[in-house]
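> Just dropping this structure here.
The values are calculated or read from the model by the stated rules, or taken from the named source; none is laboratory data. What you see is a predicted model, and the numbers here were worked out from it, not measured in a lab. Heads up, the Cβs are rebuilt from the backbone with ideal geometry, glycines too, and the neighbour counts pull from every protein chain shown.
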Amino acid sequence: MKIIAMIPARYEASRFPGKLMKNLGGKSVIIRTYENAVATGLFSEVYVVTDSDIIFNEVVSNGGKAIMSIAEHECGSDRIAEAVEHIDCDIVVNVQGDEPNVHKQALTDLLAVYENDTKKEIDLASIMHQIDDLDEISNPNNVKVIVDTNNYALYFSRSPIPFPRERSTAKYYKHQGIYAFRKSAILEFTKMEMEYLEASEKIECLRYLAYNKTIKMVETTHISIGIDTPEDLIKANIEFNK
């Protein structure tokens, strides 16, 4: 299997504009993310795909590989699909540009899904980890996922799911926004209309579920730090400098 990594990168993030160019331990967030992905040694190629001249130039000037988007895109999957259409690969890993410390073991476990999927029944795979803190559970910036007994995704939500009617039995998993797609699945994504669930929650993987695509979730204890707010960047710098 030929596996590549794509890092979709927008400059204008609604909650924290320009966050990918902010300083993280002496380098920009996007360069930290790119270098971390390359350092895993898991990918044939790593690309940043962006609509921003600022980010494109930042990556290229630091020796990285970047692709400039041609069309306007509403989400990362659309941006990646355009970029990979003419690239020879089997599996495409979407590494979030604002998660600069994704752990190699978590990515290794994610990719193992496809090594075991001899019948090619899995369209995409993603990572989750268990959370117990009530503030983290109720925070709409944290996407939660519920799975079946084989860890296939049933639903994703910004609301706490499941509803804790009996708190002692409830278990919560946070979705880490790292995906591994079959190339065919991400190309199909662009042809599927957005349905009301995705439009309501603003969670793009709900489009896959709406069209009966299979999403295999992989539980990990390796927690990546997502940078959604200035406060997150402060925490990330503290962790980086330890």
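> Yes or no: A37 in contact with a strand residue (DSSP E or B) (Cβ under 6 Å, 6 or more places away or on another chain), part of a helix (DSSP H, G or I) and closer than 19 Å to E204 by Cβ? So that I can check it myself, show each step before the final result.
On the way: in contact with a strand residue (DSSP E or B) (Cβ under 6 Å, 6 or more places away or on another chain): yes; part of a helix (DSSP H, G or I): yes; closer than 19 Å to E204 by Cβ: no.
So A37 does not fit the description; no.
> Restricting to the stretch 90-114, give me the number of residues that are assigned to a loop (DSSP other than H, G, I, E, B) and either at pLDDT 95 or above or surrounded by fewer than 16 Cβ atoms within 10 Å (Cβ to Cβ) (or both). Steps first, please.
The first filter runs over the stretch 90-114 and keeps only residues assigned to a loop (DSSP other than H, G, I, E, B), leaving 90, 95-103.
Narrowing further to those that are either at pLDDT 95 or above or surrounded by fewer than 16 Cβ atoms within 10 Å (Cβ to Cβ) (or both): 90.
Counting residues in the stretch 90-114 that are assigned to a loop (DSSP other than H, G, I, E, B) and either at pLDDT 95 or above or surrounded by fewer than 16 Cβ atoms within 10 Å (Cβ to Cβ) (or both) gives 1.
> Moving on to the next point. Output the residues belonging to the stretch 115-143 that are in a strand (DSSP E or B) and either more than 13 Å from K174 (Cβ to Cβ) or among the hydrophobic types (A, V, I, L, M, F, W, C) (or both). If you could, list the steps in order and put the result at the bottom.
To start, the set of residues in the stretch 115-143 that are in a strand (DSSP E or B) comprises 124-131.
Answer for the stretch 115-143, where residues must be in a strand (DSSP E or B) and either more than 13 Å from K174 (Cβ to Cβ) or among the hydrophobic types (A, V, I, L, M, F, W, C) (or both): L124, A125, I127, M128, I131.
> Now a separate question. Taking the stretch 203-231 as the search range and keeping residues that are in contact (Cβ under 8 Å) with a residue 12 or more places away in the chain and among the charged types (D, E, K, R), which one is surrounded by the fewest Cβ atoms within 10 Å (Cβ to Cβ)?
Among those residues, the one meeting the criterion is E219.
> Here is a follow-up. Is it the case that some residue within the stretch 144-157 is part of a loop (DSSP other than H, G, I, E, B), touching a strand residue (DSSP E or B) at 6+ places or on another chain (Cβ under 6 Å) and under 20 Å from C75 (Cα atoms)?
There is no residue in the stretch 144-157 that is part of a loop (DSSP other than H, G, I, E, B), touching a strand residue (DSSP E or B) at 6+ places or on another chain (Cβ under 6 Å) and under 20 Å from C75 (Cα atoms).
> Test I161 against the criterion of being at pLDDT 90 or above, within 14 Å of the chain's Cα centre (by Cα) and of a type outside the set (K, R), and give yes or no.
Numbers: at pLDDT 90 or above: yes; within 14 Å of the chain's Cα centre (by Cα): no; of a type outside the set (K, R): yes.
For I161, the condition - at pLDDT 90 or above, within 14 Å of the chain's Cα centre (by Cα) and of a type outside the set (K, R) - is not met.
> Where in the stretch 189-242 are there helices (runs of 4 or more DSSP H), lying fully within it, with 1 or more residues that are over 25 Å from Y172 (Cβ atoms) and modelled with pLDDT under 90? Walk me through how you get there before you give the answer.
On the way: elements: 196-201, 205-210, 230-240.
It comes to 230-240.
> Sort out which residues of the stretch 99-135 are in contact with a Lys or Arg (Cβ under 6 Å, 6 or more places away or on another chain) and of a type in the set (D, E, K, R), and write them in order of number.
Within the stretch 99-135, D123 is the sole residue that qualifies.
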